[in-house]
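The values are calculated or read from the model by the stated rules, or taken from the named source; none is laboratory data. Remember, it's a predicted structure, so these values are computed and weren't measured experimentally. Quick reminder, even Gly has a Cβ in these numbers, built from the backbone with ideal geometry, and neighbours come from all protein chains shown. Quick note on the areas: whole protein, heavy atoms, side chains included, nothing else; ligands and nucleic acids left out. Shrake-Rupley method; radii C 1.70, N 1.55, O 1.52, S 1.80 Å.
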Amino acid sequence: MGDIVRFLARRLIFSIVVLWFVATIVFFMYFVAPNDVARTLAGRQASAATVAAIRHNLGLDRPLLVQYWSFLGRAAHGNLGFSYLNSRSVLSLVGQRAGVTVSLVVGGAVIWLVIGVGAGMLGATRPRSVIDRATTGIALLFYSMPTFLLGEFLLLVLFFRLHLIGVDWFPGAGYVPLATDPLQWALHLVLPWLTIALITAATYARLTRSSMLDVMGEDYIRTARAKGISRPRILFRHVLRSAITPVVTQFGIDVGTMLGGVVVTENVFGLPGMGQLIVSSITRQDLPTIIGLVLLASAFVIVANIIVDIVYVFLDPRVRLN
Amino acid sequence: MASPEPDAVLGSFGADPAAATIVAIGGRGPWLLAWERLRRDPVAVGCFVVILLVVAAALGAPLVAHLLGHGPNTQFRDTGLSAEGIPVGPSKKFLFGTDDLGRDVFLRVLYGARISLLAGVSASGIAVFIGVFVGLAAGYIGGIVDTVLSRFMDVVLSLPYLVFAIALVSLVGPSLVISIVVIAMFSWASVGRVVRGQALSAREKEFVESAQALGAGNLRIMVVDVLPNVLGPAIVYATMLIPLSIVFEATLSFLGVGVLPPTATWGNMLAESIPYYRVAWWFVAFPGLALLVTTLAFNLLGDAVRDALDPRGPLARTRKRRWFRG
């Protein structure tokens, strides 16, 4: 247990360094940038005095290092700043939208795990069969497909074509909170779920298949077979247990990345999640929101990486924390 | 060279020594073996043909424009749009129909290939170059250099790339060059990690020791002895990075932070076509199909190259970065 604590402490320190690094890069990136936020906010007609007043209000007339220092201090206290546009705290903006992104990612993750790992297992247990070739081919097709293309395609087929023949199963856009109406919540999310799930599942199918094929070539599997253990037991207890580790890594990173905002899918389906907030705040030059969201997204990925490392130890006794 | 027939080899030991020709058995290096395997793989050859067609389309686009007598941005307000201002479908004049401004979709798809290929190939080229350089340095030099570079690669790999990329692009203003730089920035680290692992194991090999004994400098050993040993995985990664970069560029264009209109790119065209997908399927279908077929061909070829270079495929287990997610 002492190992895990020491490991966690070390990872935590590294994570904080990374976050500081990210925060610094994003902060200075935006100050080196040629865009003048105050001028943008003031509008084209504004006088120089108005622009200066706005600049003063936002604290942008202070020396750069002073701004940087106060930014770091606030961030260390968990305050990500306030939006330039509506003066709301970035955290409250995020809180408002987190539900959408979490719903999207959790539902999608369940689907892509089932489809991806299932298809991979199917292929690995019958290598070079028709089923294997079919699943591998389909996986490669979705692997090559841009997310927005699949999203548009699903909209066209499952929303518009069905709508034309009078079947309105899946709404084309929008979001209904789970607490308001669970059924409508799920219906609104079916197409976005399918979009992220099908594309992500492709990677999992490829990963599971190759990883299982590798493990099935190991000596201890031959030993298990020689001992007369049944095939399903070998597959699930011996092969899958060992083959699942790269899948777990990928899963952690994917979920961590997506929780920071499912940029493309949210934009295609008009879901008011964090990914949409990022794109809209970037087009409106809302600096604090951009920095806050990038920091938050990085934090999710880092936390996901730590969780993956810990899960690894339980999955694979050969792995030592160091 | 082709492998000699068994009879021809045995022939030199045959009854008539005068008639027997001496057949040299050429040494077949790993590169030649891989090439032979690749050449016999019908999928690889097919993909290669498709890629050649895309390259031909990209290179020949201005020629086609010349033959057609109009450019990719020429607007046909009379013949290219219906009376209601809706794009017209495929016809003899417009092979793939027209878009919302009455422009020739066929010609725009051809021009889009230029951007996609340029972005895909140059971004992966830069990424592989940096990745090989950094990975080689980390793996071969080791010590503190390795620690610093490896940590740095970890940091780059743990950034939410799409969010970061959009944030970066929004700063400098979208353009093709910025897209390429951003794509390369977020993909070199995965190459670097693989190359580092390869260099780490190559460093312990006897040929490195013998080079050191001969008095070769570190730089020379890195370039002459270690580099060829990391080239295989680097090539595989390059082939697989190209489709990822193409998708990345298309995604940036689609989100409006890549190459800006009116330049024809597949991502731009798809973004413009959304409001019209109910009335003008050709406007969505052709750029979409072009994008899908191109990335699919590169991915299939990448798989084939990997299998050819290393039939056992340890690369199959490596963690891959995918940025088009989300």
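Listing for the model above:
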{"read-out": "Cα-based equivalent ellipsoid of region A:183-230: semi-axis lengths in Å, sorted from largest, via gyration tensor", "value": "39, 14, 4"}
{"read-out": "Region A:269-283 - phi-based ³J(HN,Hα) in whole Hz, Karplus 6.51/-1.76/1.60, Gly and Pro as x", "value": "9, x, 8, x, x, 6, x, 5, 4, 4, 4, 5, 6, 6, 5"}
{"read-out": "Shielding score for A:136-145, defined as the mean number of other chain Cβ atoms within 10 Å", "value": "5"}
{"read-out": "Area buried, chain B against chain A - accessible surface, total, 1.4 angstrom probe, square angstrom", "value": "4500 Å²"}
{"read-out": "Binned Cα-Cα distance frequencies in region A:2-89 - 5 Å width, integer %", "value": "3, 11, 16, 21, 16, 10, 7, 5, 4, 3, 2, 1, 0"}
{"read-out": "Placed amide H near A:Phe82: partners under 5 Å, 5+ positions off or other chain", "value": "A:Val90"}
{"read-out": "Farthest positive-ward along chain A dipole, Cα basis, beta-carbon charges - from A:Ser47, A:Thr136, A:Met216", "value": "A:Met216"}
{"read-out": "Helical segments meeting 30 Å axial Cα length and Kyte-Doolittle 0.5 threshold in chain B (DSSP H)", "value": "B:42-68, B:105-141, B:176-203, B:227-255, B:281-309"}
{"read-out": "Computed accessible area, B:Val195, all protein chains, 1.4 angstrom probe, square angstrom", "value": "0 Å²"}
{"read-out": "Those residues of region B:162-199 for which accessible area with every protein chain present is at least 40 Å² below the isolated value (1.4 Å probe)", "value": "B:Val163, B:Phe164, B:Ile166, B:Ala167, B:Ser170, B:Leu171"}
{"read-out": "Stokes-Einstein D for chain A, Kirkwood Rh over Cα pairs, 4 °C, 1.567 mPa s (µm²/s)", "value": "57 µm²/s"}
{"read-out": "The protein assembly as shown - percent of accessible surface contributed by carbon and sulfur, probe 1.4 Å", "value": "68 percent"}
{"read-out": "Nitroxide proxy distance, nm - points 7 Å out along Cα→Cβ at B:Phe133 and A:Val114", "value": "4.8 nm"}
{"read-out": "Nearest-0.05 FRET efficiency for A:Arg241 and B:Arg40, computed from C-beta distance (R0 30 Å)", "value": "0.20"}
{"read-out": "Between helix A:90-125 and chain A: long-axis angle, C-alpha atoms, 0 to 90°, nearest 10", "value": "20 degrees"}
{"read-out": "With all protein chains modelled, accessible area of A:Ile310 [1.4 Å, Å²]", "value": "40 Å²"}
{"read-out": "At least 20 Å² accessible surface lost relative to isolated chain, residues of region A:249-293 (1.4 Å probe)", "value": "A:Thr249, A:Gln250, A:Ile253, A:Asp254, A:Thr257, A:Met258, A:Val263, A:Val264, A:Ile278, A:Val279, A:Ile282"}
{"read-out": "Rg to Rh quotient for the protein assembly as shown, alpha carbon positions, Kirkwood Rh", "value": "1.00"}
{"read-out": "Neighbourhood net charge (13 Å Cβ-Cβ; Lys/Arg +1, Asp/Glu -1) for B:Ala202", "value": "-1"}
{"read-out": "Accessible area per residue in Å² at 1.4 Å probe, computed on chain B", "value": "45 Å²"}
{"read-out": "Pairwise label distance in nanometres, B:Thr147 with B:Leu52, each label 7 Å out on the Cα-Cβ vector", "value": "5.3 nm"}
{"read-out": "Where N is the number of residues in region A:67-136, Cα Rg divided by 2.2 N^0.38 Å", "value": "2.03"}
{"read-out": "Accessible area (Å², per residue) of region A:182-322, counting only protein heavy atoms and a probe of 1.4 Å", "value": "38 Å²"}
